[in-house]
Amino acid sequence: MPSELQRVAEHLLACLNEAPRAVGYLQDRARKCREAAAWIGSTSSNPSARMAAMRLDDAARRCEEAAHYLSEAEARASQWVEQMVSGIRTAEPSGGSRDERSQGPGGSTHPMARRRADHDNEPDGNKPDKPARAGYETSSEEDEPPSRGTADDRPQDTGDSDEIGDQPAPAPFIEQIFRRLPERPGDVGPTSGILSRPDGGGLIHVRSGTRGPGGAAPGLGGRTASLDAAREHAEGHAAALLRRAGMPREMTLYVNKRPCGGRYGCDNTLPWQLPPGAKLTVYWPGGYKVYIGDGRGLA
């Protein structure tokens, strides 16, 4: 006859079996929040609209984090509960401790896990959902620019040139903006980006997909106008914004994925998509590159 503990465990296991539905719901909410943030960011430069876009982006990031933690907890707790139901207890469910899962090759902390830990260790006044952070959340043109990262924070140059002198100097790397990018567990999912002026002002959120500034390939002609890299990729949406009248000639794009390679990928075609002489510094986890527009793909 099952013990009271086993009966409780059986009910708990039934609840845990509903976790995948909750994970799916959270991921769907995150996707919709990011789509709304990207749309608002691409259609208005009003400070209130930018604040709304940034809050939506922050909500999406929190949904993604919750889904990630819930998926880990569900698998881990299910094993413990199954052991309780069966009456057999092992020393540790397979998969090891959370600290072990958060470690990268050679025992080093995974960059994304380190980023979460750094965020959790911040004083309460520095976290996005605290009133003390409200000034940065608005990110208006008059806001004080975020603090720049140190030389150690800057990702390494991954340009293809053999001569360092051939690479233009990158715009300053601003860690505070880079940290706002969502994670891509398993390196899957949409690419998210934040476009800013070199001083960190004028933040605009972009996201890969057909809905965005580059969706209709404005200002492009010929083969370039039909490229997915120009119409659907986050880098292409950023390039479309730089083609707009009145936009700065130099911008910085922070993305959570390295620009795609290949003959018609972002890395090769971004110069075609940018106005002649325009400068776009792209930072991604672990690297960066400076792209100078040559206008080859413009109409």
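The values are calculated or read from the model by the stated rules, or taken from the named source; none is laboratory data. Remember, it's a predicted structure, so these values are computed and weren't measured experimentally. Cβ placement follows ideal geometry from the backbone for every residue including glycine, while neighbour counts extend to all protein chains displayed.
From the list TYR283, TYR288, the lone residue that is among the aromatic types (Phe, Trp, Tyr) and either touching an Asp or Glu at 6+ places or on another chain (Cβ under 9 Å) or part of a helix (DSSP H, G or I) (or both) is TYR288.
Apart from one condition, LYS279 fits all of (1) over 22 Å from SER48 (Cα atoms); (2) of a type in the set (Lys, Arg); (3) at pLDDT below 95; the exception is (3). Of the residues making up region 257-279, those that are among the hydrophobic types (A, V, I, L, M, F, W, C), buried (at least 19 other Cβ atoms within 10 Å of the Cβ) and part of a loop (DSSP other than H, G, I, E, B) are LEU274, ALA278. Do we find that TYR254 is of a type outside the set (S, T, N, Q), out of contact with any helix residue (DSSP H, G or I) (no Cβ under 6 Å at 6 or more places or on another chain) and crowded, with 20+ Cβ neighbours inside 10 Å in this structure? So TYR254 does not fit the description; no.
Output the residues belonging to region 271-299 that are out of contact with any Gly (no Cβ under 8 Å at 6 or more places or on another chain) and not hydroxyl-bearing (Ser, Thr, Tyr). Hits for region 271-299 are VAL282, TRP284, PRO285, GLY286, GLY287, ASP294, GLY295, ARG296.
Scanning region 205-232 for residues that are part of a helix (DSSP H, G or I) and touching a Gly at 6+ places or on another chain (Cβ under 6 Å) yields THR224, ALA229, ALA230, ARG231.
Can you spot a residue in region 158-169 that is surrounded by 22 or more Cβ atoms within 10 Å (Cβ to Cβ) and in contact (Cβ under 8 Å) with a residue 24 or more places away in the chain? So far as region 158-169 goes, no, none of its residues is surrounded by 22 or more Cβ atoms within 10 Å (Cβ to Cβ) and in contact (Cβ under 8 Å) with a residue 24 or more places away in the chain.
Within region 230-251, no residue satisfies the criterion of being at pLDDT below 95 and either among the aromatic types (Phe, Trp, Tyr) or within 13 Å of GLY209 (Cβ to Cβ) (or both).
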